[in-house]
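The values are calculated or read from the model by the stated rules, or taken from the named source; none is laboratory data. Just so it is clear, the model here is predicted, and its values are computed rather than measured. Heads up, the Cβs are rebuilt from the backbone with ideal geometry, glycines too, and the neighbour counts pull from every protein chain shown.
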Amino acid sequence: NVWFDVTKDPDYGKLSHRRPEDQESGTRELAGSGKRSPADFALWKAAKKGEPQWDSPWGVGRPGWHIECSAMSIKYLGETFDMHGGGMDLLFPHHENELAQSESATGKTFARFWLHNGLTRLNTKKISGSDAATAEGAAALAAVSAKKLIADHGPELLRYMLLSTHYRRPIEFTNDVLVAARKGVSTFFRLFERVERFGIKFASETTKQPEMSDISAEMLETANASFARDVLAFKMKFLEMMDDDFNTAGAIGVLHELAGTINGHIEQTKVEKDKQPEVLKAIAAATQTLRNLGGLLGLFRGKLEVSDDSPAATDGTLDQVMQLMIRLRNEARQSKNFALADSIRKGLTEIGITLEDRADGTGWRKG
């Protein structure tokens, strides 16, 4: 075996902030191992019977676990590259050792930035590719495979759910998390539908609308200056969040603040009733800004999608029932039977459905 002597590298531990002298475990196993300290790791392993092996100046053997990654990275990305990622469970010892041996070999910075993502937990248990070795683990992985999740919930919802947690934090994968994500992302799509009822069509990746642009400094000179100033401030706040260690969770929070501001401006200006051109232009630009910022995260690329057997897939039938309920409520109001109209609204609220009375009619939404 060929070992890396961690005591010879003064920078060892700089990534994980673990010092070799703090690692006491394994001291009793040093005798006869060839190691000088418990933290020493293999650069080359002597071959055992039945293992893959190659000739080398140190005898027949194979590369150590960490050497494989250094060799691949340097071959394809060069001796120095920008970003190295991996799960939090690889921070130590794997990435610490990969960093130490690479920089000792080249004398150069190995990776400029290290991004360690939190682990995914299903019912409080960590799940990873290695779990496929057991029947229970394989079943858990199948339940949360990308293919199944996209088929059941659509890419828009999953992307929102993942980005709503900072990449360094673990994700607790439960049905409640999916329900909360659907509620959160639906906020934006309800706003888009509301604005589209003004006849506004948004720019998209497939259909470019030259007349659609996001909020601009020129709007600071209009009657909507205060609103435009708020939107620009949210735009800067969003970018600041992304510059702060890819804080996507914070960035999505800013998008929710921006959506609330746009909805508030619609209510305040009564534009749904009066259709003032300058106000419509400002709202369109602000909403396009929201969509553009979300686009940086891969959001708002399409509609929310669900599978046929998902509870949310019944929304078509539910909408027909809701249109009937809205018509009955309107008839009750017209005949001055306000007690019945209020009872319908209250009953729907109790089962999680909200009615929205607007200038162009009554709409509904879940939550």
Problem - Filtered residue count, region 329-367, keeping only those that are surrounded by 12 or more Cβ atoms within 10 Å (Cβ to Cβ) and more than 18 Å from Glu193 (Cβ to Cβ) - result: 13
Handout entry: The listed residue being of a type in the set (A, V, I, L, M, F, W, C), modelled with pLDDT of 85 or more and in contact with a Gly (Cβ under 8 Å, 6 or more places away or on another chain), out of Phe300, Phe338
Key = Phe300
Practice task
Select from region 1-35 the residues that are surrounded by fewer than 13 Cβ atoms within 10 Å (Cβ to Cβ), of a type outside the set (Gly, Ala, Ser) and modelled with pLDDT under 90 and list them in ascending order.
Solution key: Arg19, Glu21, Asp22, Glu24, Thr27, Arg28, Glu29
Problem - Extreme residue, farthest from the chain's Cα centre (by Cα), among residues of region 223-268 that are of a type in the set (Phe, Trp, Tyr) and in a helix (DSSP H, G or I) - result: Phe227
Handout entry: Selection count, region 105-146, where residues are surrounded by 12 or more Cβ atoms within 10 Å (Cβ to Cβ), assigned to a loop (DSSP other than H, G, I, E, B) and either among the small types (Gly, Ala, Ser) or at pLDDT 80 or above (or both)
Key = 5
Practice task
Just name the residue that is surrounded by the most Cβ atoms within 10 Å (Cβ to Cβ) out of those in region 216-274 that are over 30 Å from Met83 (Cα atoms) and β-branched (Val, Ile, Thr).
Solution key: Val231
Fill in the blank from the handout: Matching residues in region 221-256 (free of Cβ contacts under 8 Å to residues at least 12 places away in the same chain and aliphatic (A, V, I, L, M)) number 4
Exercise for the section: Residue by residue through region 61-104, note down the ones that are touching a strand residue (DSSP E or B) at 6+ places or on another chain (Cβ under 8 Å), in a loop (DSSP other than H, G, I, E, B) and at pLDDT 95 or above. Expected result: Thr80
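Just checking, which of Phe202, Phe188, Phe238, Phe227 is closer than 24 Å to His153 by Cβ and modelled with pLDDT of 90 or more?
Phe188
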